């Protein structure tokens, strides 16, 4: 598991560097970065979510899905509470600066949110998409990581990488996300009689680098996407060290 995690993070870093190079060579413009981020958020991400439910219905899978959803909600709630105590913010309302309740309705109508009930209909209804349609969607979903990393790299290239490396707050956020959150999650759930796959999934989701979605939202809403990308890049780099540690800890607990 440790080698797999390290390999995936290394791939992400190389894709980020490719995005930086594309921007430096003027193959990606500011407008192009914003358009790519829109494609990822409005098209690719929803398809990724939809396909996650496109599988054979099994009782064990349903149980694990329910536990994963519940524990992830608890872990994220704890993370949000802790972030509030540290004067950090979260969510699309914080990105846009809007506190209008109608903005919540707009979020609920977004393609990514609508993909969830649609996917559940496929899953619980045991509906299988035609082969050509399923393959088409899978090819689009396969663009998720490459496109998102290109956007992140291009956004980092718009500013100063040296400046990012000198910001103490970025390292503080990385430490919070990469170490404090997974340790908090392990402390809350390790004594529960959970399926190891559920426990590992929830902990690793909390131990992952900050989400590239933050950068995409910032780009789409003309916010400080450079800062969001700096946090994403630094946390991704340090996850090369922290994810293997979390992986070893998980393996020790499961034994």
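Could you tell me which residue of the range 235-244 is farthest from residue 163 (Cα to Cα), considering only residues that are touching a residue at least 12 places away in the same chain (Cβ under 8 Å) and surrounded by fewer than 20 Cβ atoms within 10 Å (Cβ to Cβ)? Per the stated criteria, the residue is 244.
The selection criterion, being assigned to a loop (DSSP other than H, G, I, E, B), at pLDDT below 85 and more than 25 Å from residue 60 (Cα to Cα), does not hold for residue 162.
What residue, of 39, 11, 49, 16, is surrounded by fewer than 15 Cβ atoms within 10 Å (Cβ to Cβ), under 18 Å from the mean Cα position of the chain (by Cα) and at pLDDT 85 or above?
Unique residue meeting the criteria: 11.
Taking the range 171-236 as the region of interest, the helices (runs of 4 or more DSSP H) fully inside it that hold 1 or more residues being over 14 Å from the mean Cα position of the chain (by Cα) and over 28 Å from residue 158 (Cβ atoms) are 181-189, 196-207. Counting only residues that are without any contact (Cβ under 8 Å) to a residue 40 or more places away in the chain and under 27 Å from residue 33 (Cβ atoms), the range 181-226 holds 5 of them. Restricting 219, 202 to residues that are buried (at least 21 other Cβ atoms within 10 Å of the Cβ) and modelled with pLDDT of 85 or more narrows the list to 202. Does the range 116-137 include one or more residues that are at pLDDT 80 or above, surrounded by 14 or more Cβ atoms within 10 Å (Cβ to Cβ) and assigned to a loop (DSSP other than H, G, I, E, B)? Checking the range 116-137: at least one residue is at pLDDT 80 or above, surrounded by 14 or more Cβ atoms within 10 Å (Cβ to Cβ) and assigned to a loop (DSSP other than H, G, I, E, B).
The values are calculated or read from the model by the stated rules, or taken from the named source; none is laboratory data. These numbers were taken from a predicted model, which means no experiment stands behind them. With ideal geometry, Cβ positions are generated from the backbone for all residues, glycine too; neighbour counts draw on all protein chains shown.
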